[in-house]
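Trainee: Starting off with a structure, shown below.
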Amino acid sequence: MEKEFIICAAIRNEDTGKIYYGHRHNHCLNACDGELSWVLNRQEICKVGRTQGFITSRNRFVGREEGLIIALDNDQVLDKIYIKI
């Protein structure tokens with residue numbers, strides 16, 4: 001089986017389970033908030049549970065901690081000096 005690696009940033013809406021993909025996490029948040037703005041006001045949007053993570057080459061959503069382990073294993077981390085494990 002091919003080694004799993006990180007494809008992109010993602011945000012999972014904990015209320016609906018929907019996952020938003022993007023180049024960076026802020027792109028995912030913007031997409032999520034934009035969609036929610038059709039049915040919720042700003043205060044309600046702030047209460048929506050969201051988990052930041054990543055999509056892997058196996059099409060899995062993983063949280064930030066597991067994503068870091070996968071990225072380190074594949075030499076996908078550019079500035080290792082900022083990592084707190």
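Trainee: Tell me which residues, restricted to the stretch 35-68, are of a type outside the set (K, R) and either over 18 Å from the mean Cα position of the chain (by Cα) or loosely packed, with under 12 Cβ neighbours inside 10 Å (or both). Before the answer, list the steps.
Mentor: At the first step, the residues of the stretch 35-68 found to be of a type outside the set (K, R) are 35-41, 43-46, 48-49, 51-57, 59, 61-63, 65-68.
Once the filter is applied, which keeps residues that are of a type outside the set (K, R) and either over 18 Å from the mean Cα position of the chain (by Cα) or loosely packed, with under 12 Cβ neighbours inside 10 Å (or both), the stretch 35-68 yields S37, W38, V39, L40, N41, Q43, E44, C46, G49, N59, E65.
To keep it simple, each residue is scored yes or no on (1) assigned to a strand (DSSP E or B); (2) closer than 17 Å to V77 by Cα.
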| position | (1), (2) |
| --- | --- |
| K3 | no, yes |
| C8 | yes, yes |
| I11 | yes, no |
| C28 | no, no |
| A31 | no, no |
| E35 | no, no |
| L40 | no, no |
| Q43 | no, no |
| R58 | no, no |
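Trainee: Report whether or not A31 is touching a Phe, Trp or Tyr at 6+ places or on another chain (Cβ under 6 Å), surrounded by fewer than 16 Cβ atoms within 10 Å (Cβ to Cβ) and of a type in the set (A, V, I, L, M). If you could, list the steps in order and put the result at the bottom.
Mentor: Values: touching a Phe, Trp or Tyr at 6+ places or on another chain (Cβ under 6 Å): yes; surrounded by fewer than 16 Cβ atoms within 10 Å (Cβ to Cβ): yes; of a type in the set (A, V, I, L, M): yes.
Considered against the rule, which asks whether it is touching a Phe, Trp or Tyr at 6+ places or on another chain (Cβ under 6 Å), surrounded by fewer than 16 Cβ atoms within 10 Å (Cβ to Cβ) and of a type in the set (A, V, I, L, M), A31 comes out as yes.
Trainee: Could you tell me how many of the residues in the stretch 21-61 are touching a residue at least 24 places away in the same chain (Cβ under 8 Å) and aliphatic (A, V, I, L, M)?
Mentor: 2
Since every read-out is calculated from the coordinates, none of them should be taken as a lab result. These figures come from a predicted structure and were not determined experimentally. Positions of Cβ are generated from backbone atoms using ideal geometry, with glycine treated the same way; all protein chains shown enter the neighbour counts.
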